[in-house]
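Worksheet: the structure to be examined is printed underneath.
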């Protein structure tokens with residue numbers, strides 16, 4: 001039987017098979033699932049005016065379609081992660097990916113803004129399965145954090161193309177078709193591609209004997225055990241605060257680069273794409289560096305660069321925020337994220353070998369929750385000041401290093417973690 005075409009059922013999966021190497025196509029599928037957020041948000045931003053006009057709503061109504069998607073994405077991670085610890089990864093992943101695909105297809109035919117808001121929520125809810133379970137599946141099927149970190153870096157490299165290509169692709173689709181619904185046709189095709197990839201290439205990674213007990217009390221106990229692990233808590237706070245640095249830049253960059261520095265929209269797109277490419281390049285390099293250095297060493301180096309870059313951003317802003325100094329400082333800061341996120345994610349999941357779905361869910365929820373705080377903070381001084389962005393970035397970088405150097409080292413590692421950190 002062709003296992004690539006018909007993935008084994010739970011009972012066909014021996015315990016030792018959870019550690020078999022990933023096929024390249026499986027990595028591509030998991031990377032596509034992880035890229036659901038930037039693909040589903042950035043691709044349709046250019047269509048906002050057309051949506052408002054066609055559905056008879058205002059800018060705030062259209063903005064609610066984005067808000068509902070992100071809310072569904074956060075809630076879905078808390079749902080699918082713990083569920084997968086009890087039932088296995090494959091069934092929740094198929095169900096969530098199918099829900100996202102159906103919701104996306106129905107969005108093409110949405111008759112009004114209220115329907116579109118609901119469908120976007122369902123798309124985020126289902127898409128969260130891919131985001132949270134891709135991490136859990138990698139942790140299930142790798143022997144240690146070094147091996148997991150290599151795959152996380154490869155996924156970041158592939159997934160990092162999404163925020164670079166999605167806005168350009170969305171703008172191109174809208175320009176050629178003149179219809180916002182065409183964007184959702186493209187997203188529907190990507191959703192169906194993801195569903196097909198999951199069905200054909202992603203088998204069950206969590207053997208039945210390693211699954212958590214059913215029941216509300218057992219699930220609450222699993223949450224408690226994960227949260228009480230201080231090393232895990234330190235790593236997810238490191239990830240969350242690093243994401244605050246990144247999201248603070250993303251939220252403020254249109255205003256800072258165009259409003260403060262006075263660059264054109266085309267120049268902004270070039271700067272944004274260059275910084276995103278920096279993450280991809282660093283992620284690719286990190287995957288090679290893991291042959292010589294441990295994940296914790298690379299994460300520590302990344303955090304050091306993150307703080308130095310953030311301080312350079314602050315100094316550039318305090319000295320007039322000229323493009324000559326501010327843009328290189330932003331590139332250094334943003335690129336360093338490629339060293340921190342993948343390695344810290346692997347280290348965090350290594351602390352919770354018996355509840356990786358729950359741990360991955362809490363990681364994602366923390367990341368998006370803390371990142372969401374950055375958006376209003378960076379705009380406190382209005383559209384023509386870069387100071388709030390710089391202060392948020394420096395503060396978050398300091399907090400990331402504090403969590404990494406204190407909580408992440410405060411307790412003993414899991415029994416097999418000697419090779420992990």
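The values are calculated or read from the model by the stated rules, or taken from the named source; none is laboratory data. Model, not experiment: these values are computed from the prediction. Quick reminder, even Gly has a Cβ in these numbers, built from the backbone with ideal geometry, and neighbours come from all protein chains shown.
Test residue 284 against the criterion of being surrounded by fewer than 24 Cβ atoms within 10 Å (Cβ to Cβ), assigned by TED's automatic domain parsing to the domain that holds residue 237 and at positive phi, and give yes or no. No; evaluated as a whole, the condition is false for this residue.
A single member of 45, 70, 83 is within 30 Å of residue 210 (Cβ to Cβ), modelled with pLDDT under 90 and assigned by TED's automatic domain parsing to the domain that holds residue 205, and it is 83. Within the set 97, 57, the sole residue that is part of a loop (DSSP other than H, G, I, E, B) and in contact (Cβ under 8 Å) with a residue 12 or more places away in the chain turns out to be 57. Of the numbered criteria (1) in contact with a helix residue (DSSP H, G or I) (Cβ under 8 Å, 6 or more places away or on another chain); (2) surrounded by 18 or more Cβ atoms within 10 Å (Cβ to Cβ), the one residue 267 fails is (2).
Quick check: is even one residue across segment 313-324 more than 22 Å from residue 255 (Cα to Cα) and part of a helix (DSSP H, G or I)? Within segment 313-324 (the criterion being more than 22 Å from residue 255 (Cα to Cα) and part of a helix (DSSP H, G or I)), the answer is no, since none of the residues qualifies. In the set 380, 387, only one residue is outside the structural domain of residue 70 (by TED's automatic domain parsing), touching a helix residue (DSSP H, G or I) at 6+ places or on another chain (Cβ under 6 Å) and either at pLDDT 85 or above or closer than 17 Å to residue 303 by Cα (or both); that residue is 387. Is it true that residue 365 is out of contact with any helix residue (DSSP H, G or I) (no Cβ under 7 Å at 6 or more places or on another chain), assigned to a helix (DSSP H, G or I), at pLDDT below 85 and not assigned by TED's automatic domain parsing to the domain that holds residue 134? So residue 365 fails the test.
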